[in-house]
Amino acid sequence: MKLRDAVVGESQEVFDAIVIGSGITGGWAAKELCERGLNTLLVERGRLVEHRRDYPGEGVPPWTLDERGKVRRAVIDRDYAIQSQNYAFTATTRHFYGNDRELPYSTPADRKFLWIRGNQLGGKSLMWARQCYRWSAHDFSANANDGHGAAWPITYQDIAPWYAYVERFIGISGAADGLEQMPDSVCQPPFEMTKPELAFRSRIEARFPDRRVIMSRVANLTRPTRAQLALGRTACQARDECGHGCSFGAYFSTQSATLPAALATSRLRIAPHSVVHSLIYDHARRRVRGVRVIDEQTLSEREYHGRLVFLCASTLGSTQVLLNSADRHYPQGLANRSGVVGRYLMDHNYNASMSARIPGYEDEYYAGRRPAGIVLPNIHYEPKRYAQGFARGYLLTGGSYREGWQARGQEAGFGEAFKSRLGQPGAWRMQLYSQGETLPRPENQVTLHGTRKDRWGVPQLHISCDWSSNEHAMMEHATRTGAALMRASGYEDVKTHIASNPLGTGVHETGTARMGEDPAHSAFNRWNQAHGIDNLFCTDGATFCSIATQNPSLTMMALTVRAVDYAVREMKAGRLT
């Protein structure tokens, strides 16, 4: 089935399943439900984005663009003041970002939050950084072991088979590193380290036995399987244009992988331009009957009905839907008798950075623009290994590069000799960034604003959160550690910096509708199923109990396919009707 043939508007059909959101988890839910025989409706609040056809920034040289690819300040101030703070926002990617004027939310004056939005078919799977790491047994037991946050209701062993299932399909490049705190994935060959990175790894691992320097594991194909080739995907070309959209299908996205797989079943229907207002709850049957949506363009209302509902609208998007589905039976929001929905918002802390000049290697360079880097995994991964002054830990990520004309563009000069000099590579440099774990705290909270609504009549979110003293101490430690590692490697001009970027900068928000065994203290159970509402599931980051140091996307995907497997088995057994 072709994409546009799957589009529906008004529909009287009662679907076997409705999936809200089409990003990383929504695409997976749609694929799995369709392949297991369920007629599935994928509800997306934004426009259609067709693979290859709708990537206008792909392969466009910056010198052909107005302002050489920069977005004019007046445009940023008017439409993208928040979105433009994301690292991947440029003139060639801004069409994948939401318009701030149309997507308002509020924060206290002293507790800011950056909500990065990708409201189109494929969501932020078109914009993500593709870092894929399994969480370890320590990550799933951390809350129980040190008392910060509620215990996870699942273990690493529960999710490990689903990690492997996801990894085989999406395609991850990486090595078998044998790390307790970062278990190996099913991987395709890794990208190569540069000569300075190889030397850095050798020196660090020789001097610090508990430290490892590994190649990052990214969802970019390096040796595609037959199944991946059959979907129209091929190997990464090392263009580093992933955020523009990839016609090669080399990086995993809804468009390149899960969507074509779902369409191949002919069981998928897609409702674009459908802003979910709320869920329709049937109190007599204790079931969700469907969803109320507002047409993004016409503002007209319609409903879709289904036997099973999967919330995959992103952490804050799903939370907003739950809160706005309050009624007399669930006055605090649907699935929120515990009162935890909206609380325990987390994100990764990237505020510590380190840089240095690497002497030597003037005869070395690299080919292509590798979409990967190096990672120094967290060594503070269990209570007995915690550093003094804070709980949990951080990993370091980054890599080496040679300075180019961009770094030398402020030098004085003109004429042929100056131009020739700018064309020569400069010194080698190393850059490292923290990726620190945030503790789950109830005061980091999102609520519905009491009076403000967006243009579709949906109450705006009010987001109140901040870093704690634990995160501040962690960033201080990260800068000292990074600087010490660089100096131990013989690097020069070592510099450190601690930024004051707010939560949301990492775009890894999680935790606002956590899972758990006890309905009194959680919203969803160990199968990502709402307590007391058996046909409602949520599988995006909202249900996380902690955030670990590794990126969350692979865990979200694994939880999604695990939940679909459970839900379909329950339906076929007659327990979800």
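Structure summary
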quantity: Spatially proximal aspartates and glutamates relative to residue 195 (Cα-Cα < 18 Å; intrachain offsets below 8 disregarded); calculated: 205, 362, 363, 364, 403, 492
quantity: Residues with amide H under 5 Å from that of residue 280, placed H, sequence gap 5 or more; calculated: 289, 290, 291, 292
quantity: Burial ranking of peptide ranges 134-141, 517-524 (average Cβ count within 10 Å, highest at the top); calculated: 134-141, 517-524
quantity: Accessible heavy-atom area order of 547, 82, highest first, probe of 1.4 Å; calculated: 82, 547
quantity: Diffusion coefficient, µm² s⁻¹, Stokes-Einstein with Kirkwood Rh over alpha-carbon pairs of the range 89-142 at 4 °C and 1.567 mPa s; calculated: 91
quantity: Under Karplus coefficients 6.51, -1.76 and 1.60, residue-wise ³J(HN,Hα) of the range 233-249 in Hz, glycine/proline x; calculated: 9, 8, 5, 4, 9, 6, 8, 6, 10, 4, x, 7, x, 10, 5, 6, x
quantity: Relative contact order %, the range 120-248, counting alpha carbon pairs below 8 Å whose residues are six or more apart; calculated: 27
quantity: Per-peptide average of other Cβ atoms within 10 Å, ordering 281-292, 504-515, 236-247 highest first; calculated: 504-515, 236-247, 281-292
quantity: Residues residue 11 and residue 234, FRET efficiency given R0 of 25 Å [Cβ-Cβ distance, rounded to 0.05]; calculated: 0.10
quantity: Cα-based Kirkwood hydrodynamic radius, the range 311-405, one decimal, Å; calculated: 18.5
quantity: Accessible surface, the range 459-524, averaged per residue in Å² (probe 1.4 Å); calculated: 37
quantity: Selection from 405, 561, 483 lying farthest towards where the dipole of the chain points positive, charges on Cβ; calculated: 561
quantity: Sulfur and carbon atoms: percent of accessible area, the range 1-152 [1.4 Å]; calculated: 48
quantity: Segments 17-28, 364-375 sorted - mean Cβ within 10 Å per residue, highest first; calculated: 17-28, 364-375
quantity: Shape parameters for the chain, alpha-carbon atoms, Rg then Dmax in Å; calculated: 23.5, 81
quantity: Cut-off under 5 Å, modelled amide H: who pairs with residue 342 long-range; calculated: 513
quantity: Per residue value of the accessible surface for the range 55-161 (all protein chains in place, 1.4 Å probe), Å²; calculated: 45
quantity: Whole-number accessible area per residue in Å² for the range 417-456, which is evaluated in the context of all protein chains at 1.4 Å; calculated: 48
quantity: P(r) of the range 476-577 over all Cα-Cα pairs, binned every 5 Å from zero, in whole percent; calculated: 2, 11, 16, 15, 12, 10, 8, 7, 6, 5, 4, 2, 1, 0
quantity: Total charge dipole magnitude, the chain, about the Cα centre, Cβ charges on Lys, Arg, Asp, Glu only, Debye to nearest 20; calculated: 460
quantity: Rounded if a/c under 1.5, otherwise prolate or oblate - the range 203-344, Cα gyration tensor axes; calculated: oblate
quantity: HN-Hα J in Hz across the range 115-120 - Karplus 6.51, -1.76, 1.60, θ = phi - 60°, x for Gly and Pro; calculated: 9, 7, 10, x, 9, 7
quantity: Accessible surface of the range 315-412, 1.4 Å probe, proportion on carbon and sulfur as whole %; calculated: 45
quantity: Within the accessible area of the range 259-299 (1.4 Å probe), percent carbon and sulfur; calculated: 43
quantity: Per-bin percent of Cα-Cα distances, the range 47-189 [10 Å]; calculated: 9, 25, 26, 26, 12, 1
quantity: The chain: relative contact order in percent, alpha carbon pairs under 8 Å with at least 6 residues between; calculated: 21
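The values are calculated or read from the model by the stated rules, or taken from the named source; none is laboratory data. From a predicted model like this one, the values you see are computed outputs, not experimental measurements. Every residue, glycine as well, gets a Cβ built from its backbone with ideal geometry; the counts of neighbours run over all protein chains shown. Surface areas here come from the heavy atoms of the whole protein model, side chains and all, with no ligands, DNA or RNA. Shrake-Rupley method; radii C 1.70, N 1.55, O 1.52, S 1.80 Å.
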